[in-house]
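Take a look at the structure below.
The values are calculated or read from the model by the stated rules, or taken from the named source; none is laboratory data. As the structure is a prediction and not an experimental result, all values here were calculated from the model. Please note: Cβ atoms are built from the backbone with ideal geometry, for glycine as well, and neighbour counts cover all protein chains shown.
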């Protein structure tokens, strides 16, 4: 996703807590990976919505 965004000159991405919940993964593990990968793309702002209350 980050590589595609970089190629398309996207400046910001927002996403939910993917992989957790129905995906069955531990959110803390997923969040570490997202942070690690996003550091390789300093020109893209990544916003992760960890909890949502309508």
(request) Considering only residues that are touching a helix residue (DSSP H, G or I) at 6+ places or on another chain (Cβ under 8 Å) and part of a loop (DSSP other than H, G, I, E, B), look in segment 34-49 and name the one that is farthest from residue 20 (Cα to Cα). (result) 43
(request) Scan segment 24-33 and give yes if some residue there is modelled with pLDDT of 95 or more, assigned to a loop (DSSP other than H, G, I, E, B), loosely packed, with under 15 Cβ neighbours inside 10 Å and out of contact with any strand residue (DSSP E or B) (no Cβ under 7 Å at 6 or more places or on another chain), otherwise no. (result) no
(message) If residue 18 satisfies all but one of (1) surrounded by 10 or more Cβ atoms within 10 Å (Cβ to Cβ); (2) assigned to a loop (DSSP other than H, G, I, E, B); (3) at pLDDT 90 or above, what's the number of the condition it fails?
(response) (3)
(message) Please pick out the residue among 44, 13 that is in contact with a strand residue (DSSP E or B) (Cβ under 6 Å, 6 or more places away or on another chain), surrounded by 13 or more Cβ atoms within 10 Å (Cβ to Cβ) and modelled with pLDDT of 95 or more.
(response) 13
